[in-house]
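Enquirer: Structure below; questions to follow.
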Amino acid sequence: MQVGRLAGEQLVVAGGQLGAGLGNLVFSLVAARLLAPSAFAQLAAFLALYLLIHVPAGSLSAGSALSPGLAARARRRALIAGAAAGGALAVLAIPLGALLDLSPVLLLAAAAAAPAAPLLALDRGRLYGLGRRTRAVGSLLAEPSVRLTLG
């Protein structure tokens, strides 16, 4: 009975991750269809930078899932680290934009997202650790929903 319950919980989380991935794929397909090739290339570069920020920050989820109290204790340090990374990216937006042939506006948008990345990861991990998988899945599904709505 315990194995079936655990498998069901993991299926819910995996389903949420699959749904989020599908939502992101739909966003990319719509953008590819609507944007000119050069504009889509800029968007793809932004999304790659977004992943470079969020994937390492996402590793904080594991720690806060194992120790949900870690999320509260580490929140201030995570915000400072995210703000420092975002600030560095903002300061370097113009030279990096010229070097990478990207709009500095895209780099500034990524810089604005950086402070939230570690906080989001800590809180998602905390939700997993507390057994609040439905809320964690909801946060996974919210991201592509917002992208599709605003994008």
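The values are calculated or read from the model by the stated rules, or taken from the named source; none is laboratory data. Everything quoted here is computed from the prediction, not taken from an experiment. In case anyone asks, the SASA skips ligands and DNA or RNA and just uses the protein heavy atoms, side chains included. Shrake-Rupley method; radii C 1.70, N 1.55, O 1.52, S 1.80 Å.
Enquirer: What does the accessible area per residue of the chain come to in Å², with a 1.4 Å probe and no ligands, DNA or RNA counted?
Expert: Averaged over the residues of the chain, the accessible area is 60 Å².
Enquirer: Further question on the same structure: Pick out which of A72, A20, A36 has the largest mean-square fluctuation in a Gaussian network model of the chain, springs linking Cα atoms closer than 10 Å.
Expert: Largest GNM mean-square fluctuation: A36.
Enquirer: Taking all protein chains as present, what is the carbon and sulfur share of the accessible area of the chain, in % to the nearest whole number, probe 1.4 Å?
Expert: C and S atoms contribute 73 percent here.
Enquirer: For the chain, calculate the relative contact order in percent as a whole number, restricting contacts to Cα pairs under 8 Å that are 6 or more residues apart.
Expert: 39
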